[in-house]
Ligand code: GLC
């Protein structure tokens, strides 16, 4: 681990000299490698290789390589790339994903969903979470985490929105950057994924996304750019879909022009599992490592024979192959796996569960609390209804799902983490009479509600990789909420969802707590917030539409088509995602981006804005004007006087944000910077960012639809290159 006494560098192995920069070490290692050794690093296997690689012809994967792979991969993990023992280059042992180590043979600590921790609006939360799951990855023998999901919530129905950080590029870039920093603080590699514009699951492996360069740079790519600047992930995972006619994993514009040239990215591009469609096109298009081979359906595009043939013909240059290997080695040297090889270590699961619970307590969003029904005080009888609240809390499905310590509770194939809100409430309120009803029979639930002081009804919405979810609740849940609320007006809804949902009963209930997927101690976090032990401080990272008519597209492209069907989607909303879309269309969402209530109140004042370099420096004061200690989230938006003339995608953008923890009556001054890219537009012609001259309004509030304090500032014309080279 870090701080280990460095071994003296053997003179014949300069690449092991920790005093050299990683790029020099990578170059030296490549110079010492044979061709076959280089080819080991660019071709990775999935854990199915354990049983399947033997069936691959020996002239594709040599018998000795098969033996090595089978003998070294971590059973149940996502991927394995053989190293070069002769040179001290370790294997790459790859595990999913952003909520924890995913390995059905190794129980792990599940964080809340990434969407939930984005709701904390505090980068310290995903950073601590990343540090924890990265430590568990290292302790279980994994030196690469396939984490850092950051695709923007362009499509509110996207089945993987729970794995990502919402709809705004600044929030997502900040929070996912923090997660990656946390993971990599364990001296292992993290990815960032799925590059790029993989914003829906329907037909994800065949959908061709059409979107302008400017729209990409000002939305999906800006999130990646900010996160990569914040965290320098060792690897970028290219996506399944096509973007403007080219596969994500051979998209020369995205991989070579934007990522490796303009952003000067030094790490390596790995494929998503099964996302490679060629040898030469992919290698020259910017892919550095084919990952997850095995063995039946995907073709061994980067297996030794294929690469050797391409080298032989000159279709792939030796320089390009060396660059592929150097990038992989750069990450292995720069992020720690070479100098601090992973090895099994004890794990403090109790401490790690506490990290997950703290993350949830910072993230749950109090959406409504009429009459200050919450926190529960002096309540004698409580009905807890539905949501399998007696069994656990819901988690998302797919490659990010974690086999939790304590074992998952599987209900209708859905994973519930073993943290029942019912039990947690009983622990928090030992003197209250707390009864449970599963909510399957409306009359029974309503009867229990009627004879209780207060009702907590839990609704769930299961989301999964590989499919889209409508925003309607499934089953009888809407009817259940309506029936219970009718029987007892003191009804609180707790929502365990992968993202936004419609709430037809929103006017019938006084209190709503959005818990998203709250992680391995989610029940405790829910109970501690409902009982006031914790003051909620989450704010929505994703808008909640009021109805289907507010969505950018009525139908999800390709919905209902068999996987692999070629399809196209034109993202003509461009960069106007989420609250930006609602501003452009003048829609009023059900709940706005940035919304989040507290058991206390905060006041913002003394807003000042001044030019600072190409950006804007903003300062203001936030005061706790309520009766309870709490954390307020101040959001700074920015708007040109005429957003259409300025060429913006929408009237305003989130320019900065900060969370402040304050006792009643206390205040603090906050100083923030608005990044110049959030003031400009991207001009493809010259590959520049361009901030038009004029008056810009700085808006300060506690949600995107808040009554804002404002400050106007005049800025001159400014044009600068989008390339760091
Ligand atoms: C999946 C996912 C990706 C994951 C990989 C390995 O298909 O798209 O996020 O890391 O395969 O499991």
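The values are calculated or read from the model by the stated rules, or taken from the named source; none is laboratory data. Predicted model only: the values in this text are computed from it and were never measured. All Cβ positions, even for glycine, are placed from backbone atoms using ideal geometry, and neighbour counts span all protein chains on display.
Miscellaneous remarks
- Residue match in the stretch 379-394 (condition: within 16 Å of the ligand (Cβ to nearest atom), part of a loop (DSSP other than H, G, I, E, B), more than 17 Å from residue 475 (Cα to Cα) and out of contact with any helix residue (DSSP H, G or I) (no Cβ under 7 Å at 6 or more places or on another chain)): no
Yes/no per residue for (1) farther than 16 Å from residue 316 by Cβ; (2) within 16 Å of the ligand (Cβ to nearest atom):
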| position | (1), (2) |
| --- | --- |
| 226 | yes, no |
| 240 | yes, yes |
| 245 | yes, no |
| 254 | yes, no |
| 265 | yes, no |
| 269 | no, yes |
| 273 | yes, yes |
| 277 | no, yes |
| 285 | no, no |
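- Cβ-Cβ distances below 6 Å connect the following pairs, each with a first residue in the stretch 84-109 that is closer than 18 Å to residue 133 by Cβ, a second residue that is within 16 Å of the ligand (Cβ to nearest atom) and assigned to a helix (DSSP H, G or I), and a separation of six or more residues or different chains: 95/137; 98/114; 98/163; 100/133; 101/137.
- Residue match in the stretch 17-30 (condition: within 16 Å of the ligand (Cβ to nearest atom) and not in a helix (DSSP H, G or I)): no
- If you check 171, 226, 207, 222 for being out of contact with any strand residue (DSSP E or B) (no Cβ under 6 Å at 6 or more places or on another chain) and surrounded by 24 or more Cβ atoms within 10 Å (Cβ to Cβ), only one passes: 171.
- Just so you know, in the stretch 23-80 the residues that are farther than 23 Å from residue 324 by Cα and in contact with a strand residue (DSSP E or B) (Cβ under 6 Å, 6 or more places away or on another chain) include one that is surrounded by the fewest Cβ atoms within 10 Å (Cβ to Cβ), and it is 74.
- Check on residue 138, farther than 25 Å from residue 298 by Cα and more than 16 Å from the ligand (Cβ to nearest atom): yes
- Per-region count, the stretch 362-372, residues out of contact with any helix residue (DSSP H, G or I) (no Cβ under 7 Å at 6 or more places or on another chain) and surrounded by 19 or more Cβ atoms within 10 Å (Cβ to Cβ): 4
- Residue in the stretch 212-231 that is nearest to residue 569 (Cα to Cα), counting only those that are outside any helix (DSSP H, G or I) and in contact with a helix residue (DSSP H, G or I) (Cβ under 8 Å, 6 or more places away or on another chain): 219
- Leading residue by the ranking (nearest to the ligand (Cβ to nearest atom)) among those in the stretch 442-481 that are closer than 15 Å to residue 384 by Cβ and in a loop (DSSP other than H, G, I, E, B): 452
- Looking across 359, 354, one residue alone is farther than 30 Å from residue 40 by Cα, crowded, with 24+ Cβ neighbours inside 10 Å and either under 20 Å from the mean Cα position of the chain (by Cα) or not assigned by TED's automatic domain parsing to the domain that holds residue 125 (or both). It is 359.
- None of 176, 236 is at pLDDT 95 or above, in contact with a helix residue (DSSP H, G or I) (Cβ under 7 Å, 6 or more places away or on another chain), within 14 Å of the ligand (Cβ to nearest atom) and part of a helix (DSSP H, G or I) except 176.
- The sole residue among 81, 69 that is within 16 Å of the ligand (Cβ to nearest atom), farther than 19 Å from residue 344 by Cβ and touching a residue at least 24 places away in the same chain (Cβ under 8 Å) is 81.
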